[in-house]
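The values are calculated or read from the model by the stated rules, or taken from the named source; none is laboratory data. Keep in mind that what you see is a predicted model, and the values were worked out from it rather than measured. Methodologically, a virtual Cβ is constructed for each residue, glycine included, from the backbone with ideal geometry; neighbour enumeration extends over all protein chains shown.
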Amino acid sequence: MVRGFEDLVAEAAEVSVAGWDFSWLDGRATEARPSWGYQRLMGERLAGASAALDIQTGGGEVLAGAPKLPPVMVATESWPPNVTKATRLLHPLGAVVVADPDEPPLPFADAAFDLVTSRHPATVRWAEIARVLRPGGTYFAQHVGHESVFELVEYFLGPQPEQTRRARHPDGERAAAEEAGLEITDLRFERLRMEFFDVGAVVYFLRKVIWMVPGFTVEQYRDRLRELHEKIQAEGPFVAHSTRSLFEARKPE
């Protein structure tokens, strides 16, 4: 049965978007995954660490999937619903969750960790990462790249200026990391296909990934959403492309 616009939008507007689990989109949207397998590589590095920090852990889902955590494992998160979810998930595994506003400074001493990780940080404070790393320590992360899902962003916001399109470009992030005193040992970039099969999937995605269309509400964009619903019904899935960068950086000894 084909579901109507109002039904799809109402459902997606009410469902919880806490945490960083996208399973609600199963069967409603797809996204290709980077070839490198971040969670597996992160787990390998955590297994060899003595003290690690996971920045902006979300609901803790990615970190909780690591086979072995180091003796000292700390995670930070700023959004209260995610802090609650991450605490519930990570405390039984021996990890401490610290509520942190994602503004410098990080609430840790200099050289506190030999490994800092992060998956899709909203902001990257390179100077703070360098400060809390021990000499010889590693930053390992998967970042959202430049122009990620811009087909969807520009559908709602219109053409974006070049400065916005270049934000999060790996070349700029490499330069910022090096300016903070880190040495890039690995940097990879991929552009990945996404498909949204109904307008409810778009609503859910934009409610969850809040920086895509800042201040997004169904009420504000109802007309545009209705047009998108009709477009999907007539032409098939809305296609966009996410971008991802894999960073590994070392603090010199």
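Of all the listed residues (41, 46, 115, 106), the sole one being assigned to a loop (DSSP other than H, G, I, E, B), among the hydrophobic types (A, V, I, L, M, F, W, C) and over 13 Å from the mean Cα position of the chain (by Cα) is 106.
Residues of region 239-253 being surrounded by 14 or more Cβ atoms within 10 Å (Cβ to Cβ) and either among the β-branched types (Val, Ile, Thr) or on the phi > 0 side of the Ramachandran plot (or both), which ones? The answer is 243, and nothing else.
Output the residue which, of all residues in region 118-139 that are more than 21 Å from the chain's Cα centre (by Cα) and of a type in the set (D, E, K, R), is nearest to residue 20 (Cα to Cα). Only one residue tops the list, namely 131. Residues in region 3-32 that are in contact with a Leu (Cβ under 7 Å, 6 or more places away or on another chain) and either part of a loop (DSSP other than H, G, I, E, B) or among the aliphatic types (A, V, I, L, M) (or both) were compared, and the one that is surrounded by the most Cβ atoms within 10 Å (Cβ to Cβ) is 9.
Hey, does region 67-88 have a residue that's crowded, with 19+ Cβ neighbours inside 10 Å and touching a Pro at 6+ places or on another chain (Cβ under 9 Å)? Yes, some residue in region 67-88 is crowded, with 19+ Cβ neighbours inside 10 Å and touching a Pro at 6+ places or on another chain (Cβ under 9 Å).
Every residue in region 1-22 that is farther than 17 Å from residue 236 by Cα and at pLDDT 95 or above, please. Listed by number, the residues that qualify are 6, 7, 9, 10, 11, 12, 13, 14, 15. For beta carbons closer than 7 Å, sequence separation of 6+ or different chains, a first residue in region 61-72 that is closer than 11 Å to residue 42 by Cβ and a second that is crowded, with 20+ Cβ neighbours inside 10 Å and β-branched (Val, Ile, Thr), the qualifying pairs are 63/57.
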